[in-house]
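The values are calculated or read from the model by the stated rules, or taken from the named source; none is laboratory data. Quick caveat, the model's predicted, so the values are computed rather than measured. So basically every Cβ, Gly included, is an ideal-geometry build from the backbone, and we count neighbours across all protein chains shown.
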Amino acid sequence: MDMRILHRYLGFFLVGIMAVYAVSGIILIFRDTDYFKRAEHLQVQLDPALAAAELGKALDIRRFRAESEDANKIYFKDGTYDKQTGLAEYTVKELPYVLDKMTHLHKAKSAEPLFFLNIFFGLALLFFVLSSFWMFIPSSSVFRKGMYFTAAGIVLTLLLLFI
């Protein structure tokens with residue numbers, strides 16, 4: 001099969017996943033902010049008199065840290081826990097459902113079943129990089145001009161990586 005035909009049809013096949021990775025990549029840039037996130041206020045009834053370490057586990061909050069504590073309450077980021085009643089009130093900020101699914105696909109780890117998709121997609125992108133050099137005859141002016149753009153892109157990439 002001709003390299004150009006393979007490049008073309010693989011490109012058409014991967015249009016959807018490329019759009020997902022493009023959008024989720026942009027969203028992940030803002031993961032240290034609340035820009036795309038929605039706030040939801042939660043009230044959870046827990047056992048009374050939990051210690052701060054137990055509270056983090058009971059609420060399933062990663063990297064839980066109590067900011068302060070008095071005789072009746074434990075204060076933590078975006079919430080409180082009443083030691084006497086066991087009522088925890090706090091706010092969680094999460095991406096909307098579709099955006100959350102997209103970013104989880106983008107960041108799939110080797111322990112998740114979708115990591116094979118990430119490997120396939122990475123290899124497909126590498127194929128696009130390499131197969132693009134077979135799109136034009138090497139002696140053509142388009143190919144020579146393309147080499148100048150390739151060199152400029154490599155220099156820009158190296159600058160972004162190392163500066």
Among residues of segment 97-112, those that are assigned to a loop (DSSP other than H, G, I, E, B) and in contact (Cβ under 8 Å) with a residue 40 or more places away in the chain, counted: 1
If you go through 88, 58, the only one that is closer than 30 Å to residue 38 by Cα, out of contact with any helix residue (DSSP H, G or I) (no Cβ under 8 Å at 6 or more places or on another chain), not in a loop (DSSP other than H, G, I, E, B) and not basic (Lys, Arg) is 58
Here's a check for you: in segment 127-145, which residue that is more than 20 Å from residue 5 (Cα to Cα) and surrounded by 10 or more Cβ atoms within 10 Å (Cβ to Cβ) is farthest from the chain's Cα centre (by Cα)? 144
For segment 109-124, what are the residues that are under 18 Å from the mean Cα position of the chain (by Cα) and under 17 Å from residue 20 (Cβ atoms)? 112, 113, 114, 115, 116, 117, 118, 119, 120, 121, 122
In segment 113-139, which residues are part of a loop (DSSP other than H, G, I, E, B), touching a Gly at 6+ places or on another chain (Cβ under 9 Å) and at pLDDT 90 or above? none
Among the numbered criteria (1) surrounded by 11 or more Cβ atoms within 10 Å (Cβ to Cβ); (2) closer than 17 Å to residue 40 by Cα; (3) not basic (Lys, Arg), which one does residue 60 miss? (1)
Based on what the data block shows, is residue 74 touching a helix residue (DSSP H, G or I) at 6+ places or on another chain (Cβ under 6 Å), outside the structural domain of residue 25 (by TED's automatic domain parsing) and surrounded by 12 or more Cβ atoms within 10 Å (Cβ to Cβ)? yes
